[in-house]
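Let me begin by presenting the structure, written as structure tokens, before commenting on it.
What follows is calculated from the coordinates using simple rules that are stated; it is not laboratory data. Keep in mind that what you see is a predicted model, and the values were worked out from it rather than measured. Here the Cβ positions follow ideal geometry from the backbone for every residue, glycine too, while neighbour counts run over all protein chains shown.
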Amino acid sequence: MIVRPTGASTILIADDDHYAQKALEALLRVEGFHVIVAQDGQEALERINESRPDLCIIDFDMPRLNGLETCRRIKGHHETRLLPVIMVTGLLPEEEKTRAIEAGCDDFLPKPYEQDALLTRIRSLLRIKSLTDELEDAEAILMTLVRTIEAKDRYTLGHADRVGRYAVMLGRALGCNAFELESLRKGGMLHDIGKLGIPDAILQKAGPLDDNEWEIMRKHALLGGEICKRLKSLEGILPIILHHHECLDGTGYPSGFKAPQIPKLVRIVNVVDIYDALTSRRSYKEAYPVKKAFQTLWEEVERGWWDGDIVKVWEEIVMRESGG
Ligand SMILES: [Fe+2]
């Protein structure tokens with residue numbers, strides 16, 4: 001269990017220079033922060049894992065894992081990517097600064113520190129951190145709600161997690177950048193959030209839906225958009241949520257968009273969403289083997305529904321992963 005003073009933010013100092021570390025630790029403690037320390041980058045990652053600090057102050061030059069690589073790993077990991085990192089450096093050439101920014105570093109601090117400047121930067125980054133924590137909490141609640149919807153129907157259990165995971169795999173193979181991959185992860189997981197507004201009698205119906213029930217079920221795309229548009233941080237995934245049932249030939253819903261209006265990220269989620277539905281057992285059908293699932297997907301590409309280039313890449317990934 002982590003014991004810390006109520007309300008105090010925790011700051012990790014990673015520095016192999018013992019005296020510099022002690023001086024900074026004393027300053028931060030006087031200011032009311034809870035402090036944890038590490039002697040190098042590797043130890044810093046371990047401390048972060050154990051103690052979940054609110055901010056890190058990392059020395060540029062450290063043994064085992066240097067500051068740059070430590071920062072890159074913090075920012076590259078889903079759970080710590082929003083953790084603010086201040087890099088402490090002596091005189092840093094411009095190109096090193098660029099590398100640190102590329103590694104995701106939030107701020108620099110020249111050695112020796114000017115105390116007031118340091119405390120101002122820390123407080124400002126901690127304010128931002130607390131706002132992003134609130135946003136993360138709101139997103140976590142939505143993820144929990146998605147799982148609640150799934151729990152009502154044993155046939156869709158795990159669908160949202162798989163679609164999020166598959167969408168990232170496919171997006172990576174298609175050259176999506178980090179921002180797009182994050183949108184694919186969140187969009188894949190939350191694509192059916194609008195089912196929160198669909199009556200259980202329809203969600204859990206054992207047999208096929210009649211026309212009237214289908215009409216209600218189709219509303220989940222627009223309902224999902226309504227739920228997510230309230231969260232600014234989810235703006236980037238709105239097209240995925242709203243349009244994950246559009247087809248390239250315009251026969252999908254809710255907008256009947258055609259190919260030019262359907263962005264790449266939506267097409268990616270389309271393909272993995274359908275793939276997962278085909279390869280999972282549903283109340284109205286058995287799980288298809290992979291080969292039959294792709295046969296169906298290709299028939300639907302022929303019909304003009306899905307993007308064949310994307311289906312092709314997904315098929316290659318699935319075959320490679322399954323050793324087929
Ligand atoms: Fe859906």
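Below, the figures for the structure above:
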quantity	calculated
Length added when fully stretched, Glu286-Ala26, from 0.36 nm per residue minus Cα-Cα	87.2 nm
Distance (nanometres) between label positions extended 7 Å along Cα→Cβ at Glu46 and Leu231	3.5 nm
Cα gyration tensor shape for the stretch 153-321, rounded if a/c is under 1.5, else prolate or oblate	rounded
Loop-located GluC sites (Glu not before Pro) in the stretch 61-129 whose Cβ has at most 15 other Cβ within 10 Å (DSSP)	Glu79, Glu114
Antiparallel content of DSSP bridges confined to the chain, in %, to 5	10 percent
Förster-model FRET efficiency, 51 Å R0, Asn66 and Leu131, C-beta, rounded to 0.05	0.95
Residues with amide H under 5 Å from that of Asp307, placed H, sequence gap 5 or more	none
Label-point separation, Asp116 to Ser255 (7 Å along Cα→Cβ), nm	5.2 nm
Calculated [θ] (222 nm, deg cm²/dmol) that DSSP helices of n ≥ 4 give over the chain, each run adding -39,500 (n - 2.57)	-17500 deg cm²/dmol
Phi to ³J(HN,Hα) by Karplus 6.51 cos²θ - 1.76 cosθ + 1.60 over the stretch 185-200, Hz, x for Gly, Pro	4, 5, x, x, 6, 9, 4, 9, 4, x, 5, 4, x, 9, x, 4
